[in-house]
Amino acid sequence: MSSRSSSEPVAGDWRSRWRRQITALLPWLVLALVLRWGVLEPRWIPSGSMLPTLQLQDRILVEKVRPRLGQELPAGTIVVFHPPAALVAAGYDPRAALIKRVVARPGDRVEVRDGRLWRNGAPLEPDWTAEAIDYNLAPFTVPDDHLLVLGDNRNASLDSHIWGPLPRSEVIGTAIWRYWPLQRFGPIRIPAVGAAGSV
């Protein structure tokens, strides 16, 4: 009768080691899922509506804390949001995510004329776009609990100038960091009012 070599693996030992490894990884997996659900989430840019600020296929990180806590989202903030009711009615997947820039907040009086976005009687500076706007938008006041969001590529963006102000409740998070491609790795900054350039 032969005996098992002491160096030969035992099935029970292998299973035991596997269980220990899974047990050690499980808390990290749960933490990663919680962070993705409630704190930080990776996203990619599927369209050119935010050119030149965000390029097609850019990979960004979206923080979700400020919207969950109801904190202020100042003009210039780039937000990721669920499609509003008008887009869902037009066939958009309600679970999809869109990305635009906040250009006006509740109570702001806005209009588009002469190729410029006007807010509270003055042309918006900076306006975060590389070209004159080729449409007009009649003057109106952004309602409570809503934001006016436009793409930086104003003339090729399905945004608030078409479907109206965005309900604040639809905001998922704010774009804070570009991690790909590496040559553009870094924070997504909001230029100071009156400063030129893009984020």
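The values are calculated or read from the model by the stated rules, or taken from the named source; none is laboratory data. On a predicted model such as this, the values are computed, not experimentally measured, just so you know. No Cβ is skipped: glycine too gets one built from the backbone with ideal geometry, and neighbour counts run over all protein chains shown.
Below is a table of values for the structure above.
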quantity: Qualifying positions in the range 167-184 - under 11 Å from L61 (Cα atoms) and surrounded by fewer than 18 Cβ atoms within 10 Å (Cβ to Cβ); calculated: I176, W177, Y179, W180
quantity: Residues located in the range 123-139, provided they are out of contact with any Asp or Glu (no Cβ under 7 Å at 6 or more places or on another chain), surrounded by 13 or more Cβ atoms within 10 Å (Cβ to Cβ) and either β-branched (V, I, T) or under 21 Å from P83 (Cβ atoms) (or both); calculated: I133
quantity: Selected residue (only one of A130, A96 is closer than 15 Å to L51 by Cα and assigned to a loop (DSSP other than H, G, I, E, B)); calculated: A130
quantity: Meets criteria (surrounded by fewer than 21 Cβ atoms within 10 Å (Cβ to Cβ) and touching a Leu at 6+ places or on another chain (Cβ under 7 Å)) for R105; calculated: yes
quantity: Selection within the range 58-92 - assigned to a helix (DSSP H, G or I) and either aliphatic (A, V, I, L, M) or within 21 Å of S160 (Cα to Cα) (or both); calculated: V65, P67, L69, A85, A86, L87, V88, A89
quantity: Residues of the range 163-184 classified as in a strand (DSSP E or B) and without any contact (Cβ under 8 Å) to a residue 12 or more places away in the chain, total; calculated: 0
quantity: Residues being surrounded by 18 or more Cβ atoms within 10 Å (Cβ to Cβ), touching a residue at least 60 places away in the same chain (Cβ under 8 Å) and either outside any loop (DSSP other than H, G, I, E, B) or out of contact with any Lys or Arg (no Cβ under 9 Å at 6 or more places or on another chain) (or both) - total across the range 140-162; calculated: 4
quantity: Sole exception among (1) of a type in the set (G, A, S); (2) at pLDDT 90 or above; (3) farther than 30 Å from D144 by Cα for S2, by number; calculated: (2)
